Amino acid sequence: MTGHSSRRPTKAGVTNDSRWVLRVALPVVATLSIVAPLAWLWQDSRVPSVYSVMDMGYLDYGVGVMADTSGGGHGGHMQGDMPGHVPGHEMATPRLVTDMVADPPRPADVRVDLVTRQQMLSVGGRSISGFTVNGTSPGPEIRATQGQLIEVHLRNESVADGVTLHWHGVDVPNAMDGVAGVTQDAVPVGGEFTYRFGADQAGTYWYHSHQVSNPQVAGGLLGSLVVAPKAGIAQQVDVSAVAHTYGGVRTINGKAEDLRVPARAGQRIRVRVTNTDNGPMKIWASETYRLLATDGTEVHEPTEVSGRSVTLTAGGRADVEVRVPSDGTAVRVQLSKATAVIISPSGVDVPVPAQPADELDLLRYGTPAPLGFDPAHPTRRFEYRIGRRPGFVKGRPGLWWSINGRLFPHVPMYVVREGDVVVMHIANHSGEVHPMHLHGHHVVVLARNGVPASGSPWWVDSLNVLPKESYDIAFVANNPGIWMDHCHNLKHAAQGMIAHLMYEGFDTPYRIAGPADNQPE
Ligand code: C2O
Ligand code: CU
């Protein structure tokens, strides 16, 4: 065939070419086609040695906003890249997080000095390297009465990485939020910082370091904060139970044993449980109980519960009320199977009550009450979709948490304006539980998996989101600043499961990393 013969003279050349293509060029191209994108992804995942949280990720203005925030006039979803440069607002002088403080001339009602140290802890007969506040872990409980101004003077004596104090669940002014690199610099060894904030809402809260927070919180740099209502506490006995696991040892208030509380027959006890671990815990009791408050907000008309446990998410608080039986025996409040609060007149005990198979559903507990705002007509709607996918985070390959499909640091910066009514849809497609925590605001649960809440308003600052679950939550943007919105499994946070909520026109003078080596996670 002619074609055949015409090809013959060049056959050797073709063969050589195709051999070259097969042996050299193809593998090179193939390798490059894998390596080049990987190299790009790797490079893209790295964070600079110093950067502003404002330059992280992309701006998300949400859906449903009228008019001008997106600059281009298309008032829907907008994703840009440099949060520091809000379109249409280049002219406005930014407000700084540091401006957001509590009434400076007002004298403090409660003053506390806290000294942080890095030291060995003795827990359940074991020696564990950890952290203390004023020589103990947990540190001292801070108690105030609603309406008082709290002033805490922090001095870091020996925590090498530096420390901060974050007031978990308290809607403090932004400059007092204690997030290293966002609202302040980490306090170095020998350094000091003064926190001032109003105890505006009665309830159970806690404080912990927000510098290198995963190891520092796990190592015990934390404590309890209780704000008593003006009218006084209704229960005769009021006790805090800070649950923490030190190196695998479960404790209450730092001790690897049950907490014994003396009380008389018939007395009512308020047990304020704080879960300072990375995972959820279950609470149940040997008698009926009432769940009085979640995350520092009273439940409206809580009824007696039996045969059900309460799930307390990481970072969350549950105030549980029990009554000492009139026959003078004990009542146990189990904080998981391992530890309990035993309340009894004379050191008597009762057997560990079996763990109920069912859980109390807070979507339907208590009775409805006004929210104080109308979430049916939100100003903005956001999505916080949690997934998991392969990629690079901080230059490391792995299977990482994603937010709205993106990996850290390309995470959303949710932008709001003061006064906005915000609805957020949180959906967990990641296969693991995530305790979602928004700083500076309390959020109310509107629905779970599309089923509307029908009980008491369920106010939280830390929300347990199970795999395959979705929540609709709402809040009023009433505390201007820049706020973290992250997973309180602090291991996950350190793996990049963090985003921020930012009020339009805000900026921070602080930097992540940099000379102060700020590492909020
Ligand atoms: Cu309890 Cu961002 O923290
Ligand atoms: Cu998580």
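Derivation of every value follows stated rules applied to the coordinates shown; laboratory data play no part. Computed from a prediction, not measured in an experiment: that's the story for all the values here. A quick note on method: Cβ atoms are made from the backbone with ideal geometry, for glycine too, and the neighbour counts reach across all protein chains shown.
Tabulated values for the structure
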| read-out | value |
| --- | --- |
| FRET E, pair Ala513, Asn134, Förster distance 30 Å, beta-carbon r, rounded to 0.05 | 0.55 |
| Length gained when the stretch Asp200-Asp358 is fully extended (0.36 nm per residue, less Cα-Cα span) | 53.4 nm |
| Residue exposure sequence - Asp295, Asp44 - by fewest surrounding Cβ within 10 Å | Asp44, Asp295 |
| Fewest-first ranking of Trp40, Trp458, using other Cβ atoms within 10 Å as the exposure measure | Trp40, Trp458 |
| Rg/Rg_globular for segment 107-232, with Rg_globular taken as 2.2 N^0.38 Å and Rg from C-alpha atoms | 1.02 |
| Order by protection proxy (mean Cβ within 10 Å, highest first), peptides 220-229, 26-35 | 220-229, 26-35 |
| Neighbour-count ranking [beta-carbon atoms within 10 angstrom, fewest first] of His429, His377, His500, His486 | His377, His429, His500, His486 |
| Using alpha-carbon coordinates, inclination of helix 11-20 to the longest axis of the chain, degrees | 20 |
| Cubic angstrom per residue, convex hull over Cα atoms of segment 367-516 | 113 |
| Extension gain (nm, one decimal) between Val110 and Thr31, 0.36 nm per residue minus Cα-Cα | 22.0 nm |
| For Arg385, distant residues with modelled amide H under 5 Å away | Asn404, Ala427 |
| Approximate spin-label separation Thr329-Glu418, in nm, with each point projected 7 Å along Cα-to-Cβ | 5.7 |
| Average Cα contact separation per residue, the chain, under 8 Å, 6 or more apart, as relative contact order % | 17 |
| Cα-based convex hull, the chain, per residue volume (Å³, whole number) | 215 |
| Helix axis angle, 26-45 relative to the chain longest principal axis, alpha carbon, degrees | 30 |
| Whichever aspartates and glutamates have a C-alpha closer than 14 Å to that of Lys468, once near sequence neighbours (fewer than 8 apart) are set aside | Glu432 |
| Note, ³J(HN,Hα) from phi for segment 217-228, Karplus 6.51, -1.76, 1.60, rounded to Hz, x at Gly and Pro | 6, 4, x, x, 7, 7, x, 9, 9, 10, 10, 7 |
| Anchor Lys394: aspartates and glutamates whose Cα lies under 17 Å away (excluding residues fewer than 8 positions away in-chain) | Asp44, Asp55, Asp517, Glu521 |
| Hz values of 3J(HN,Hα) by residue in segment 349-355 - Karplus curve (6.51, -1.76, 1.60), Gly and Pro given as x | 9, 10, x, 4, x, 4, 6 |
| Efficiency of FRET between Arg396 and Ala376 - r from beta-carbon atoms, R0 56 angstrom, step 0.05 | 0.80 |
| Value of relative contact order over segment 289-410, rounded to a whole percent, pairs C-alpha under 8 Å and six or more apart | 19 |
| Segment 336-347 - phi-based ³J(HN,Hα) in whole Hz, Karplus 6.51/-1.76/1.60, Gly and Pro as x | 6, 6, 6, 10, 8, 9, 10, 10, 7, x, 9, x |
| Helix-derived mean residue ellipticity, 222 nm - over the chain, DSSP H n ≥ 4, -39500 (n - 2.57), to 500 | -2500 deg cm²/dmol |
| Interchain or long-range residues, amide H under 5 Å from Gln119's placed H | Gly130, Phe131, Thr132 |
| Set of lysines with alpha-carbon distance to Lys255 below 29 Å, sequence-local pairs under 8 removed | Lys282, Lys337, Lys491 |
| Centroid-to-centroid separation of segment 103-161 and segment 240-303 [C-alpha atoms, Å] | 21 |
| Spatial separation of Cα centroids for segment 215-234 and segment 360-394, in angstrom | 25 |
| Potential extension, Ala231-Leu38 segment - 0.36 nm per residue separation minus Cα distance | 63.4 nm |
| Projected label distance in nm at Thr93 and Lys491, using a 7 Å step from Cα toward the beta-carbon | 4.8 |
